[in-house]
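The values are calculated or read from the model by the stated rules, or taken from the named source; none is laboratory data. Bear in mind that the values here come from a model prediction, so they are computed numbers and not experimental data. Backbone-built Cβ (ideal geometry, glycine too); neighbour counts: all protein chains shown. Keep in mind that these areas ignore ligands, DNA and RNA; they rest on the heavy atoms of the full protein, side chains included. Shrake-Rupley method; radii C 1.70, N 1.55, O 1.52, S 1.80 Å.
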Amino acid sequence: MSSRQNPEPMTIEEGCKLIDAAVTKLTRIIEGKPEPPFASHEYIGNYTIVYNMCIQKPPYDLSGQLYEKYGAIFQDYDKDTILPSIMEKHDEYMLRELSRWSDINKIMVRWLSHFFYYLDRYYIARSGNSSLTVVGMTCFRDHVYEKVHFNVKQVVIALIHKEREGQQIDRALLKNVLDLFVQNGMGNMERYEKDFEDFFLTETNSYYSRKASRWIQEDSCPEYMIKAEESLKKEKERVSHYLHSDTEPKLLKNVQTNLLVLVAKQLLEKENSGCSALLRDDKTDDLSRMYRLYHEIPEGLEPVAVAFRLHVTAEGNSLIKQAEDAATSGIVEEQVLVRKIIDLHDKYMAYVTDCFQNHTLFHKALKEAFEIFCNKKVAGSSSAEMLATFCDNLFKKAANDKSNDDSTIESTIDNVVKLLDYISDKDLFAEFYRKKLARRLLFGRFSDDHERSILTKLKGQFGGQFTSKMEGMVTDMQLGKDQQTGFEEYFKNTNTGKPKGVDFTVTVLTTGFWPSYKTSDLNLPLEMVNCIESFKAHYEIKTKHRRLMWIYSLGNCNLTGRFDAKPIELIVSTYQAAVLCAFNNTERLTYQELIDQLNLGHEDLVRVLHSLSCAKYKFLKKEPASKTISKTDSFEFNSKFTDKMRRIKVPLPPVDDRKKVVEDVDKDRRYAIDASLVRIMKSRKVLPHQQLVSECVEQLSRMFKPDIKMIKKRIEDLISRDYLERDTENPSTFKYVA
Amino acid sequence: MRRLEELFNRYKDPYSDMILAEGVSVLCSDLQVEPQDIVTLVLSWHMNAATACEFSKEEFFGGLQALGIDSIGKLQEKLAFMRSELKDEQKFYEIYNFAFGWAKEKGQKSFALDTAIGMWQLLFAEREWPLVNHWCDFLQDRHNKTISKDTWAQLLEFARTVNPLLSNYDAEGAWPYLIDEFVEYLYDKSVVDK
């Protein structure tokens, strides 16, 4: 490019005149007025004016003044042209004006900074002033934006309100305007936040607060939630269409707080449509929605989980109450109750996994609810006992009824193991289970597969110590079969002592695995004595160092009763058999004679005689023929007895074990508490009372919930046995005595 | 030293080197006190006597020497001082705890109930505890078994630190089981309002 070689330097006044002309032309063009565009020589010429003035020798180097002129151009344009045009308009029109003028300004900045480019290259670099672009934009901000933003904001918010109320608005326009707010922050979001966003959020807050109040009154819970979900969706869309993305989290939080958090209690507890009702009526969609909505909110799920827990607890409690009311004469229908509880568990677990997405909060709520009602007593029966009885009946039935589908049994077993987890007195369950298992095994009403299956699952859940004794019992039965074969071999080979016509099976139980039974010095009939003796001889050959203890109360016997009409096979217990055999030699025996002959305890004899003379089948005639046994009665073989059956089973009702089981478990608990206390004190050496108690409870919680009073008593006992002592300074702290 | 020997010989049992029950009653009458007088407990404490109504030679000598006594007259003079010792908080504490080992049957680990009640009545006559009668009633009513050492010791703690209205009683605290029961009893009988 060529510079004009003018002998006279140009003055600022002259220059400004030329520049003003160019500016006027420019503004006409960019305002859309009819004006021919700049020809290239004009374009270059404008640049050159500036250039020449800058390179003139001092005092005519006019860079500084040109820089100021540049700024002044914008100031004047903003103040005289742009601002008044905008201020003239209202509402949407004002927004459009603003948008339009902002675009115009940008073009002007671009053009003029081309004209004044030489300043950018040297003057600005040397002086450290703001660039031409920045000057142009800053002027707009200071002289236009600052003056109009308040009103613009009002209009924007009013439009948003219109859109919220369902009307269509010009979203592109809003986007442009809000972009302006951002741009005028000159690199940070302050203008956008302070001049728009804060007001917007406040307005949003009151809007949704009002909506919430109305909807919560008018709508059901599901309807409300749908509206809430819809609102959140719309607000998200709003952000994507015209709000800045920074606003999204603040906006959503605002809406959630108003629509969901502040009304949570009213919403969830709505009668007939709240959480409880939805759970009851299987409204999975609504519950899933509830989860989705509250999941987004920090700690928002807590009230939902609480409502869930309360509902499940109420359902469980009502089952318990039903069972309590239905329990006539103290007998509880535990089959029914346990099944119902299992079904309840399945139902609500389904909610946890499906609607509540397996969230830990809901697993916990379910657990807590079940722990509350699963530990209630029903008509004097503890839940531990009921569950054990349930299993007993389940397995007895399954053993008899082979048609039963194995997979249903397996899934019931799984459910039992789950329920046991909620029961705090697990050791009590184990003891009842063991007692009933013993009866099942000994009376042949079991299936090896099922018994092993449940023990494996219990072991997996509660540890080997829990099931070791029971496993031993089942193994004993297995070994018993082999033993019996060996015993029979022995007979074939030695042919000693076994009376003709008596088949004899012995089951050897390992003490310690099986519940403890009292032995009795029953005088057996001779035939049986011979059998016993021969087995003893056989056993002694096999194993020298074991002592056999005979439990006649557990045995059973098949006798043939030679009645007048026809012989009938009687399947009875050993005790009953002994009593009946006593009549082999005598027609008539008194109670006293029977006592003397058999050496049975009174309680046992009464029970046996009752089952043989006062119950359904009267094999013995009793004199007097009353309903109960008294010590002055006498008995006679009832030869006239007959029945259409050829085999009759006469059950001897078992003695009520419950008290003994509870006593045994209490005793074991005392030992367990002692051991736990000593263990804790041995490792900690010194511990305050509260902590000792709570650690002890914690340690034992896997098996049972220890009674605090019992723990205290055990502590005192340990003190008197010199395991522990109180600290002399502080008597509520204990020390371990080495 | 000689005088102590003489004194000892006056009371000692003819067949053993100990002062036994007979000798103790002679001693008491010489001192002009009843045998059940609590001052005998204090004296025994000074002697660190192992059992009530028995003093070994070492115990007798040791105790009297520590008190600086070598005659009945001097002992009698000391009685007032010994009574006053019961008013001292620390000494009462020591004497109280000493009483357990001293008053119980030889070879037993715990206190027979009657003996314990008797001792409590005696001791709390010297240092007032408003609930002592209720405590003794409670024991006879509900407990009927022996008293362990721990319970004995903790009872004093209870009397010292818990006010008679039980307002500062901590049910979660480390009080022995029997004391918790006693508090329940007091509520039951409306002696104290819950």
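Tabulated data for the structure shown
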read-out	value
Filter pass, B:Gln121 being out of contact with any helix residue (DSSP H, G or I) (no Cβ under 9 Å at 6 or more places or on another chain) and not basic (Lys, Arg)	no
2 or more residues of a type in the set (A, V, I, L, M, F, W, C) and under 20 Å from A:Cys355 (Cβ atoms): qualifying helices (runs of 4 or more DSSP H) within the range A:208-282	A:221-241, A:264-268, A:275-280
A:Ile715 vs. criteria open to solvent by less than 50 Å² (accessible area, probe 1.4 Å), in contact with a strand residue (DSSP E or B) (Cβ under 9 Å, 6 or more places away or on another chain), under 30 Å from A:Ser516 (Cα atoms) and more than 14 Å from chain B (Cβ to nearest Cβ)	no
The range B:180-194, residues that are facing chain A (nearest Cβ under 9 Å) and of a type in the set (Gly, Ala, Ser)	none
Scope the range A:484-504; condition in contact with a helix residue (DSSP H, G or I) (Cβ under 6 Å, 6 or more places away or on another chain) and either among the basic types (Lys, Arg) or modelled with pLDDT of 85 or more (or both); matching residues	A:Lys498
Matching entry among A:Ser453, A:Ser534, A:Ser520 (being among the small types (Gly, Ala, Ser) and within 25 Å of A:Arg658 (Cβ to Cβ))	A:Ser520
Selection from the range A:514-569 of residues that are within 20 Å of A:Leu594 (Cβ to Cβ), surrounded by 14 or more Cβ atoms within 10 Å (Cβ to Cβ) and over 51 Å from the mean Cα position of the chain (by Cα)	A:Ser520, A:Leu522, A:Asn523, A:Leu524, A:Pro525, A:Glu527, A:Met528, A:Cys557, A:Leu559, A:Gly561
From A:Gln461, A:Gln465, residue being loosely packed, with under 12 Cβ neighbours inside 10 Å and within 44 Å of the chain's Cα centre (by Cα)	A:Gln465
Test: residue in the range A:614-622 that is farther than 21 Å from A:Ala582 by Cβ and either in contact with a helix residue (DSSP H, G or I) (Cβ under 7 Å, 6 or more places away or on another chain) or surrounded by fewer than 14 Cβ atoms within 10 Å (Cβ to Cβ) (or both)	yes
Residue tally, condition open to solvent by 10 Å² or more (accessible area, probe 1.4 Å), farther than 22 Å from A:Lys175 by Cβ and touching a Phe, Trp or Tyr at 6+ places or on another chain (Cβ under 9 Å), over the range A:78-107	2
Sole exception among (1) more than 24 Å from A:Leu600 (Cβ to Cβ); (2) open to solvent by 60 Å² or more (accessible area, probe 1.4 Å); (3) in contact with a Phe, Trp or Tyr (Cβ under 7 Å, 6 or more places away or on another chain); (4) not β-branched (Val, Ile, Thr) for A:Lys631, by number	(1)
Subset of the range B:149-179 [at the interface with chain A (Cβ under 9 Å from one of its Cβ atoms) and touching a helix residue (DSSP H, G or I) at 6+ places or on another chain (Cβ under 7 Å)]	B:Lys149, B:Asp150, B:Thr151, B:Ala153, B:Gln154, B:Glu172, B:Gly173, B:Ala174, B:Trp175, B:Pro176, B:Tyr177, B:Leu178
Breaking point among (1) surrounded by fewer than 17 Cβ atoms within 10 Å (Cβ to Cβ); (2) farther than 21 Å from A:Asp120 by Cα, for A:Gly64	(2)
Residue in the range A:648-666 that is in contact with a Gly (Cβ under 9 Å, 6 or more places away or on another chain) and among the hydrophobic types (A, V, I, L, M, F, W, C) present	yes
Residue match in the range A:203-214 (condition: farther than 29 Å from A:Leu278 by Cα and free of Cβ contacts under 8 Å to residues at least 12 places away in the same chain)	yes
Counted residues, the range B:120-148 - those being of a type outside the set (Phe, Trp, Tyr), more than 14 Å from chain A (Cβ to nearest Cβ) and open to solvent by less than 20 Å² (accessible area, probe 1.4 Å)	5
